[in-house]
């Protein structure tokens, strides 16, 4: 072997050893046992990057506005119906999450369940291609059913994925890895949104050198095919980039219990844990606060795209540009969440994140095509601010700037929230409390969209519906003030 080949082989061996070593040289995971290798931790974080485009392409920026403005044909009725669909998914999640969580907790292995949820999301997402306008496409009922399946599988995959965090990272790595996962999620969304924009929506709309003359693959913009492609493209991305977690992250061993036995033991354990919350009052208060402000965050995410598209009459081209901008700043929010946690602690970081989200939401709903900050009039016939094919008025420009705040802080809040539990839950019962954490995130997930739907219908106003979300954010913030950032001691 030549010297050059020997050095290359040695370098490759050292690189492999570095990736396969724990980041801090043998630090224990938060729930005990050895922490995952660098490659394993990156694979865990990368799963969020694989899954997140479902949220961005389907739930927020592309398919949801298409559902509201085209399939339903009325922005106000569309916002109410989309809210009800997501509320229904939340009800199903609340009813089934304790059972599935119990089976997984006692059954041991989590990756088989994750594989099921990935399969559901991939199949249901691909089926959204058939949601064409007119009688040839799927009915609103069928489209709603697919969205319910996707939403449920998304929530369950998040639950099982989150529950793996204390097993793959040490206490000092939790905040950074949580923030990295969210940052990768938003970065992958940016990649796909850019692809959708350049390949399918910009052709024929602008004369830019990097934009093709016609949409790729013969995609028909008039038939709303770019919007309908959101599901299949997100499905393909998830199918491919979720694989590293299954191959490179070690799972817990199967307990050998049947599903019925695991469910029975798990539900009994859940009941014991719920009864023991009288001893863990601080953790209980945190879970209640998190449940409420998460309802507000979820409603903001689920309905933000529909609201913007309805208020400003934005089409898919503008919505894709909107999604790219917000995803860039949301990526920053994932990193910011880890930084806020390290500098100020988890509790203060959550308070900053919720407060920033609430302020951004309040200011954003103050903008309409004809008014700014509720009272300043604006002439929609005024000369465009610039020559770009999107965000050409001052209300639109200011609105996007304000929603950037929401994108940053809402992502930071997600990162800070799971880190907070990892810091205050009793060491010996970490898995149990992550199960309660998952339950608190799903038990009332239907409530935010349900309230928005009813307020939207009652006032016949998208704006009034979105304003209702402020109640959840404010109440969650007030409750968080009473939470202490201190580790609970396991009851004897």
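The values are calculated or read from the model by the stated rules, or taken from the named source; none is laboratory data. A quick note: this is a predicted structure, and the numbers were derived from the prediction, not measured. Don't worry about glycine lacking a Cβ; one is built from the backbone with ideal geometry, like all the others, and counts go over all protein chains shown.
Every residue in region 156-176 that is under 15 Å from residue 28 (Cβ atoms) and crowded, with 21+ Cβ neighbours inside 10 Å, please.
First pass over region 156-176, keeping only residues under 15 Å from residue 28 (Cβ atoms): 165-174.
Listed by number, the residues that qualify are 165, 166, 167, 168, 169, 173, 174.
For residue 117, state whether it is under 18 Å from the mean Cα position of the chain (by Cα), over 18 Å from residue 446 (Cα atoms), assigned to a helix (DSSP H, G or I) and in contact (Cβ under 8 Å) with a residue 24 or more places away in the chain.
yes
Kindly establish whether residue 148 is assigned to a helix (DSSP H, G or I) and over 24 Å from residue 452 (Cβ atoms). Full working, then the answer.
Working: assigned to a helix (DSSP H, G or I): yes; over 24 Å from residue 452 (Cβ atoms): no.
It is false that residue 148 is assigned to a helix (DSSP H, G or I) and over 24 Å from residue 452 (Cβ atoms).
Determine whether residue 151 is at pLDDT below 95, within 25 Å of residue 71 (Cα to Cα) and over 16 Å from the mean Cα position of the chain (by Cα). Show your work before the answer.
Values: at pLDDT below 95: yes; within 25 Å of residue 71 (Cα to Cα): yes; over 16 Å from the mean Cα position of the chain (by Cα): no.
For residue 151, the condition - at pLDDT below 95, within 25 Å of residue 71 (Cα to Cα) and over 16 Å from the mean Cα position of the chain (by Cα) - is not met.
What's the number of the only condition in (1) over 22 Å from residue 120 (Cβ atoms); (2) free of Cβ contacts under 8 Å to residues at least 40 places away in the same chain; (3) in contact with a helix residue (DSSP H, G or I) (Cβ under 9 Å, 6 or more places away or on another chain) that residue 176 fails to meet?
(2)
Just for helices (runs of 4 or more DSSP H) wholly inside region 419-480: which have at least 3 residues that are over 24 Å from residue 173 (Cβ atoms)?
Passing ranges, in order: 447-459, 462-467, 469-480.
Could you please let me know if residue 153 is closer than 30 Å to residue 433 by Cβ, surrounded by 18 or more Cβ atoms within 10 Å (Cβ to Cβ) and without any contact (Cβ under 8 Å) to a residue 40 or more places away in the chain? Reasoning before the result, please.
On the way: closer than 30 Å to residue 433 by Cβ: yes; surrounded by 18 or more Cβ atoms within 10 Å (Cβ to Cβ): yes; without any contact (Cβ under 8 Å) to a residue 40 or more places away in the chain: yes.
Yes; evaluated as a whole, the condition is true for this residue.
Yes or no, residue by residue, for (1) closer than 30 Å to residue 171 by Cβ; (2) touching a residue at least 24 places away in the same chain (Cβ under 8 Å); (3) more than 17 Å from the chain's Cα centre (by Cα):
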residue	(1), (2), (3)
279	yes, yes, yes
284	yes, no, yes
296	yes, yes, no
301	yes, yes, no
319	no, yes, yes
325	no, yes, no
344	yes, no, yes
362	no, yes, yes
391	no, yes, yes
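Go through (1) part of a helix (DSSP H, G or I); (2) farther than 29 Å from residue 73 by Cβ one by one and return the number of the condition residue 395 breaks.
(2)
All but one of (1) more than 23 Å from residue 189 (Cα to Cα); (2) in a helix (DSSP H, G or I); (3) modelled with pLDDT under 85 hold for residue 335; which doesn't?
The one condition residue 335 does not meet is (1).
Those residues that are assigned to a loop (DSSP other than H, G, I, E, B) and more than 25 Å from residue 393 (Cα to Cα), I need them from region 344-372; list them, please. Reasoning before the result, please.
Of the residues in region 344-372, the ones assigned to a loop (DSSP other than H, G, I, E, B) are 345, 365-370.
Within region 344-372, just 345 meets the criteria.
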